[in-house]
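A.B. asks: One structure, as structure tokens, below. Some questions next.
The values are calculated or read from the model by the stated rules, or taken from the named source; none is laboratory data. Small disclaimer: the values here were computed from a predicted structure and weren't measured. Counting neighbours? That spans all protein chains shown, and the Cβs are built from the backbone with ideal geometry, glycine included.
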Amino acid sequence: MLPAVPIRQWVLSLPFRLRYVLAWDHALCRAVLAVHVRALRAFYRRRARREGIPDDETGAVTAIQRWGSALNLNVHFHTLVLDGVFTREASGALRFVPAPPPTPREIGRLVATLARRVTALMRRHGVTLATGEYADDDAPQEDAGALAALAAASVTGRSLLGATPGARVGRIGRTRAAPTAKAASPWHARAAAFDLHGARTVRAEDRRTLERLCHYLLRPPLAQERIELLADGRIGLTLAHPWADGTRALVFGGVEFLEKLAVLIPKPRVNLLIYHGILGARARQRAAAVAQAVPLNPEAAAPMPPPAAATLPLPPTAPSRRAWAWADLMRRIFAIDVLACVCGARLRFVATIEDPPVVQRILRHLGLPTATPVPAPARSPPRDGNDLVFEFPP
């Protein structure tokens with residue numbers, strides 16, 4: 001899906017008020033994302049045209065993440081952008097032209113443009129980005145009430161339920177000393193509570209790092225190994241990286257933990273992975289651009305590092321994008337080769353048999369039972385007198 005070209009990750013963080021609003025309104029969230037991606041595409045195309053490159057276009061893919069490191073509601077965008085532009089040569093071939101690294105001034109102007117355009121968009125929708133109370137009126141009527149209050153508490157880092165409603169989430173390792181200032185980065189800029197970061201890049205030949213970066217974009221809100229059940233029944237969450245104030249872990253009550261997870265779940269039928277530009281599903285030049293990805297033939301891809309997961313043989317030719325067999329999809333996505341036989345040979349799909357008489361005749365020929373097995377009856381729970389006793393693992 002991603003061509004073998006340099007790629008830069010752009011991360012756009014939004015004001016607290018906007019995070020709350022976009023958590024309810026996915027259509028408005030997509031509108032804000034469209035402003036963000038249009039600004040990035042125009043940024044690359046404008047720089048290319050200054051170099052005399054006409055008929056240029058770039059592509060991107062965005063993962064909309066709804067959480068922060070503290071399990072707080074934090075809607076923000078991780079966008080992988082092809083770090084350059086594709087241009088059509090006189091021969092008709094599609095050529096990629098890498099872009100030079102952006103300057104701090106360019107990133108500052110870019111985030112200022114984003115802040116101005118998104119603020120104007122919110123104003124047209126009657127939403128103010130001023131810091132203040134989070135009214136339930138911003139949420140749809142069918143979702144207003146407890147869930148809206150939970151979302152508002154999550155955005156501000158507080159808990160609505162539990163032993164101390166309205167209190168901040170418990171921290172471990174926090175010191176009273178002044179927070180340590182983060183080192184300045186030339187690829188990081190802020191404007192009106194909008195934060196844009198573009199320091200992470202991947203070289204064209206470094207496919208292993210690109211795969212790790214894609215895993216990072218598509219990761220779940222928390223990792224199982226960072227959760228710990230404490231002796232007092234509370235839940236500890238170790239942070240992947242300590243905060244500037246020294247906080248290295250958070251502590252939740254059981255209800256507080258469920259409260260944080262509830263607001264991170266998106267609504268049904270909400271797409272959180274969106275392709276843009278030349279990588280869009282209906283882009284005319286998409287096939288030619290994607291053809292410059294790693295070849296499907298492993299021998300042709302020898303200069304590329306192998307993926308971290310176990311490599312499996314790929315089909316010799318790429319089928320149509322609408323004609324992938326289920327076995328090939330399982331192999332590409334989950335690294336599971338369902339057609340591998342224990343004898344070392346390859347299984348081959350022959351036919352799907354659904355006619356019961358034919359199925360029974362084949363089973364009889366193979367000496368297998370033909371009757372449908374009767375499921376065992378469900379066991380009743382253990383009892384102690386008239387009371388039910390359930391045993392839970394420690």
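A.B. asks: Given (1) surrounded by 12 or more Cβ atoms within 10 Å (Cβ to Cβ); (2) outside the structural domain of Pro98 (by TED's automatic domain parsing); (3) touching a residue at least 24 places away in the same chain (Cβ under 8 Å), where does Ile227 come up short, assuming only one miss?
C.D. replies: Going through the list (1) surrounded by 12 or more Cβ atoms within 10 Å (Cβ to Cβ); (2) outside the structural domain of Pro98 (by TED's automatic domain parsing); (3) touching a residue at least 24 places away in the same chain (Cβ under 8 Å), Ile227 breaks only (3).
A.B. asks: Please determine, by comparing only the residues of segment 61-92 that are more than 24 Å from Val21 (Cα to Cα) and of a type in the set (S, T, N, Q), which one is modelled with the highest pLDDT. Quick ask: steps written out before the conclusion?
C.D. replies: Of segment 61-92, the ones more than 24 Å from Val21 (Cα to Cα) are 80-92.
Subset that is of a type in the set (S, T, N, Q): 87, 91.
Numbers: Thr87: 89, Ser91: 81.
It comes out as Thr87.
A.B. asks: Here's something else I'd like to know. Of the conditions (1) out of contact with any Phe, Trp or Tyr (no Cβ under 6 Å at 6 or more places or on another chain); (2) part of a loop (DSSP other than H, G, I, E, B), Pro221 fails just one. Which one is it?
C.D. replies: (1)
A.B. asks: A further question on this structure: Can you go through Asp195, Asp206 and tell me which one is closer than 19 Å to Val37 by Cα and either surrounded by 12 or more Cβ atoms within 10 Å (Cβ to Cβ) or basic (Lys, Arg) (or both)?
C.D. replies: Asp195
A.B. asks: Let me ask something else about it. Tell me which of these Val21 doesn't satisfy, since it passes every other one: (1) of a type in the set (Val, Ile, Thr); (2) out of contact with any strand residue (DSSP E or B) (no Cβ under 7 Å at 6 or more places or on another chain); (3) in a loop (DSSP other than H, G, I, E, B).
C.D. replies: (3)
A.B. asks: Right, here's the next one. Among the listed residues Leu258, Leu264, Leu213, identify the single one that is in a loop (DSSP other than H, G, I, E, B), at pLDDT 90 or above, in the same structural domain as Arg158 (by TED's automatic domain parsing) and not hydroxyl-bearing (Ser, Thr, Tyr).
C.D. replies: Just a single option satisfies the conditions, and that option is Leu264.
A.B. asks: Taking the residues in segment 350-367 that are outside any helix (DSSP H, G or I) and more than 46 Å from the chain's Cα centre (by Cα) as candidates, determine which candidate is farthest from Ala327 (Cα to Cα).
C.D. replies: The selected residue is Gly367.
A.B. asks: Of everything in segment 34-56 that's touching a strand residue (DSSP E or B) at 6+ places or on another chain (Cβ under 6 Å) and within 13 Å of Tyr275 (Cβ to Cβ), which residue is surrounded by the fewest Cβ atoms within 10 Å (Cβ to Cβ)?
C.D. replies: Filtering segment 34-56 for residues that are touching a strand residue (DSSP E or B) at 6+ places or on another chain (Cβ under 6 Å) and within 13 Å of Tyr275 (Cβ to Cβ), the one surrounded by the fewest Cβ atoms within 10 Å (Cβ to Cβ) comes out as Arg41.
A.B. asks: While we're on this one: Would you mind finding the one in His241, His188, His215, His197 that is under 17 Å from Asn72 (Cα atoms) and within 22 Å of the chain's Cα centre (by Cα)?
C.D. replies: Values: His188 fails: under 17 Å from Asn72 (Cα atoms); His215 fails: under 17 Å from Asn72 (Cα atoms); His197 fails: under 17 Å from Asn72 (Cα atoms).
After ruling out the rest, the residue left standing is His241.
A.B. asks: Also, quick follow-up: From the list Ala163, Ala231, which residue is modelled with pLDDT of 85 or more, assigned to a loop (DSSP other than H, G, I, E, B) and not β-branched (Val, Ile, Thr)?
C.D. replies: Values: Ala163 fails: modelled with pLDDT of 85 or more.
Answer to the check: Ala231.
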